[in-house]
1. Going through region 290-306 one residue at a time, which ones are open to solvent by less than 10 Å² (accessible area, probe 1.4 Å) and either out of contact with any Gly (no Cβ under 9 Å at 6 or more places or on another chain) or assigned to a helix (DSSP H, G or I) (or both)?
2. If you check 62, 4, which single one turns out to be modelled with pLDDT of 85 or more, under 24 Å from residue 225 (Cβ atoms) and not hydrophobic (A, V, I, L, M, F, W, C)?
3. Taking only pairs six or more apart or across chains, which ones have beta-carbon atoms under 9 Å, a first residue in region 263-282 that is closer than 20 Å to residue 324 by Cβ, and a second residue that is open to solvent by 90 Å² or more (accessible area, probe 1.4 Å) and in a helix (DSSP H, G or I)?
4. I'd like to know if region 240-262 contains one or more residues that are open to solvent by less than 60 Å² (accessible area, probe 1.4 Å), assigned to a helix (DSSP H, G or I) and either more than 19 Å from residue 424 (Cβ to Cβ) or at pLDDT below 85 (or both).
5. Within region 314-350, which residues are in contact (Cβ under 8 Å) with a residue 60 or more places away in the chain, under 24 Å from the mean Cα position of the chain (by Cα) and part of a helix (DSSP H, G or I)?
6. Tell me which residues, restricted to region 308-358, are among the hydrophobic types (A, V, I, L, M, F, W, C), more than 27 Å from residue 243 (Cβ to Cβ) and open to solvent by 10 Å² or more (accessible area, probe 1.4 Å).
7. For region 362-403, give me each residue that is within 22 Å of residue 333 (Cβ to Cβ), open to solvent by less than 10 Å² (accessible area, probe 1.4 Å) and out of contact with any Lys or Arg (no Cβ under 7 Å at 6 or more places or on another chain).
8. Restricting to region 404-430, what's the tally of residues that are in a helix (DSSP H, G or I) and surrounded by 22 or more Cβ atoms within 10 Å (Cβ to Cβ)?
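The values are calculated or read from the model by the stated rules, or taken from the named source; none is laboratory data. Given the structure is predicted, the values throughout are model-derived calculations rather than measurements. Counting neighbours? That spans all protein chains shown, and the Cβs are built from the backbone with ideal geometry, glycine included. Heads up: the accessible areas ignore ligands, DNA and RNA and are worked out on the full protein's heavy atoms, side chains in. Shrake-Rupley method; radii C 1.70, N 1.55, O 1.52, S 1.80 Å.
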Amino acid sequence: MNNYLINNNEPKILPVNETLCKSQKNNIIEQNDREIFELPGGCLSGIILRLSCKGPTEQKFYSFSIKNRMLENDTIATVRFSPTSDSNVTADKYSLQEQTFTVRFNGGELNKDVPLKCEVKTEKEEILDFVCILPIRAEGVLYENNDGLVVIMGATGPKGEKGDNNLNDETTDLHVKSINSSALVPTKAAPSASLFSIVNKVYETRSFNLPNRPIEITMHRGGKARIIENTVYNAVNSYRAHQEISFEFDIQSTATDGKFIIWHDNKTNRLLDYSLELRTSTYEDLKSLRFSGFKNTPYYDVVKLSSLDEWCQFIAKVNRPFYPEIKRFETIDQVTQIVKTIQSYGLSHLATFQNGVYSVLEHVRSLDSKCRVGYLQFGEDNNIDSAIKKMQTLGNGVLLWQIDTVSQDPSIVQKCIDADVGLSVWTAENDRNFLKALKTGTTSVMCNNYPVQAF
């Protein structure tokens, strides 16, 4: 895929002033939607640990680092959360990794702040505990722009079951009028709305019916963040948050060792700590590099470029559809190796092999009758009619077309439907582009991030 603007939703660690609890009382430390909530060291007396909001029907994962509260060479053995005031909130799906753990919180009563007591037992049998606050808030996106307060209502929004649907139809900027802002959840504390509640509300207001749902949301490069992309690490985080997603990633062959690395660019200098040319570098050379954005964090020595085998192992575990793009190869035999590697994991039925050259897709089809093949726009053929005919010839084919192209000619969607050829559009860099894609009638969109923020 082409390069696009990069968003700022990268994994972060919350900076903490370790002297807070010694010098001040009643301090609030907020997670603010950071991926990992790092607890401060020392005494927590008088410190309020506030998590990011979740809706009453959401199942949301939260990750905690307690490295500041543990011995340097100790690791977590067990974790247990217990809600102290709301039995409707439950905790499950714990995963532990050295001094970091993840837990999923479910349920809760609307407009409550639920204290959650956590007890951690370490391998050295030290017992650590803390209490954090989980705000349960209405499902709805609140934000501000030049129009003032903007509200996109969810199923349980602050104005009731349906909310105020007076959306402005005369502009692409969606906003709600006549809302009593004093009755709303504060903007910064509001959680993201349910994607389909938002989409249904927008289209209901505009008299537009979504066809053939559910909509496939494919995470472009595994879920693209500002400092990391195309890694299994990023894909795991995307999947933890939204388990119905599909994945896209880019495969390149390494120089002489017959292995395959997952990377988009021709060089490594954009995100990694050293500049290498992909086509002249070995697998081991590339795996030795680190993501420069993770410098001075615990992830710097942990997160590396992923191999095709590592991606296949991940896909086999989550059992989700995926779009491997055959980005660069030296010989057609390497395409054969890519296909056979994915076949060896039993993943043909989930795979859509992408390329912009028809002969490459012909070769893939000759090797695998179960997979889908995807024809990329801006390859050798940008003519929609001939591209559709080629996918009909190969069978079980899909076109991967740019959002702007389809938006300018919505008849493309109907042509694909009539020809029984799939259509997936790329890339929704933000939620406005996602909505733009849906407006064409397509039901498969590649996105840099899961589209749940304010449009």
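1. 291, 294, 303, 305
2. The conditions single out 62.
3. Taking only residues 6 or more apart or on different chains, the pairs are 266/279.
4. Scanning region 240-262, I find at least one residue that is open to solvent by less than 60 Å² (accessible area, probe 1.4 Å), assigned to a helix (DSSP H, G or I) and either more than 19 Å from residue 424 (Cβ to Cβ) or at pLDDT below 85 (or both), so the answer is yes.
5. 314, 315, 318
6. Across region 308-358, the qualifying residues are 329, 332, 357.
7. 364, 368, 371, 374 - these are the residues of region 362-403 that are within 22 Å of residue 333 (Cβ to Cβ), open to solvent by less than 10 Å² (accessible area, probe 1.4 Å) and out of contact with any Lys or Arg (no Cβ under 7 Å at 6 or more places or on another chain).
8. Count: 3.
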